[in-house]
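Comments concern the structure below.
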Amino acid sequence: MGRYAWDMGLDYSATRLILIDGLARARSTTGVFGPKRVASQAILLTQLKNGSRISEARDAVDAWARDGSREHQVRARKEGSVRKCDQCGRTYSKRARVNTVERHFAQSGHQPKFTELPSADTRTMIVPAEVGDADRVAVRRGLESGVTAKSLVNFSRRHLGFNTHSLRYANTTHQGLPREQGGLGREPQVIAKIQHRKNLNLVVDYFSQKVADALLREDARVVLASPRQETMVGGSTEE
Ligand SMILES: [Zn+2]
C-alpha cells in the first residue's frame, strides 16, 4: 500500500474504543495535563467519527466547548483554497487540475504574484455523543492552554502510536467496506460528501484496494482449506 503511506490501516471500531478509554482516563488525570488530554482525546474522537482533517475537528470541538451546540459548519481545509492575482485581484481555485492562476499570468501578462486566501468552503461537523457535556469545561481549558493541530499530531503519535490522518481513513474504510466485511456499505459518492472530499476518484480507488485486499485474503483461506477437506472427505491415505 505504498500509495497511501499515511494509511496505517487502523480498525475503526477498535480505535474508537481506544479513544473512548483514553478520554475516560484523561478525565481522571490530575494537574495541568488533565484538561489538555481531555481536549485532545475529544478532538481525535471527533476526527474519527467525522472522517475529517485534524484542524476541522479542532474547530468543531472548540465551537462546541464555547456554545454547547454539537453541530457546526467549519472551514474546510486544503482542497478549497483560493489564489488571488495580486495585480488585478481575480481569484482562482487552487484545486483545479490545471493551475489556473498560472494560466492567467501567462495570458494577461500580469506580475506573477498571488496571495493564498483561506477557503470560504465549509463542511458539517458533529461532536459525537462519546464526548460528554460534562467534558466541556475541561475541553475549553485544554484548548486555552494550547492544544493546537500540531500538538494533536504529536500527542497522537506519542501516546496512541498513530498519525491523526489515519483516523480519517479508518472512517473511510468503515463507511465503505461491505457489511459482510464489517463496514457500513455506503456509496463512495456519499462518503465523499460526508468527508468533504473533492476527489471522488481517490475514495473509489482507496476502496477498490481495500475490498481487493479483503477478497485476496478470503481467496487465500479457501485455497489453504481445500486440501484438508479433500483428505477428510475421501478418507484417503495420502500424506
Ligand atoms: Zn491578474
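The values are calculated or read from the model by the stated rules, or taken from the named source; none is laboratory data. Every value quoted in this text rests on a predicted model; they were computed, and no experiment measured them. Ideal geometry is used to build each Cβ from the backbone, glycine not excepted, and the neighbour counts take in all protein chains shown.
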For the range 181-204, indicate whether the set of residues that are of a type outside the set (Val, Ile, Thr), in contact with an Asp or Glu (Cβ under 7 Å, 6 or more places away or on another chain) and under 23 Å from residue 125 (Cβ atoms) is non-empty. yes
Hey, does the range 141-148 have a residue that's away from the ligand (no atom under 16 Å from the Cβ), without any contact (Cβ under 8 Å) to a residue 24 or more places away in the chain and either touching a strand residue (DSSP E or B) at 6+ places or on another chain (Cβ under 8 Å) or over 12 Å from residue 42 (Cβ atoms) (or both)? yes
Test for residue 153: is it at negative phi and either within 16 Å of the ligand (Cβ to nearest atom) or outside any loop (DSSP other than H, G, I, E, B) (or both): yes
By residue number, the members of the range 28-40 that are farther than 19 Å from residue 148 by Cα and either in contact (Cβ under 8 Å) with a residue 24 or more places away in the chain or in contact with a helix residue (DSSP H, G or I) (Cβ under 7 Å, 6 or more places away or on another chain) (or both) are 29
Give all pairs with beta carbons closer than 7 Å in which a residue from the range 199-219 that is at pLDDT below 85 meets a residue that is loosely packed, with under 11 Cβ neighbours inside 10 Å and not polar (S, T, N, Q); count only pairs at least 6 apart in sequence or on separate chains. none
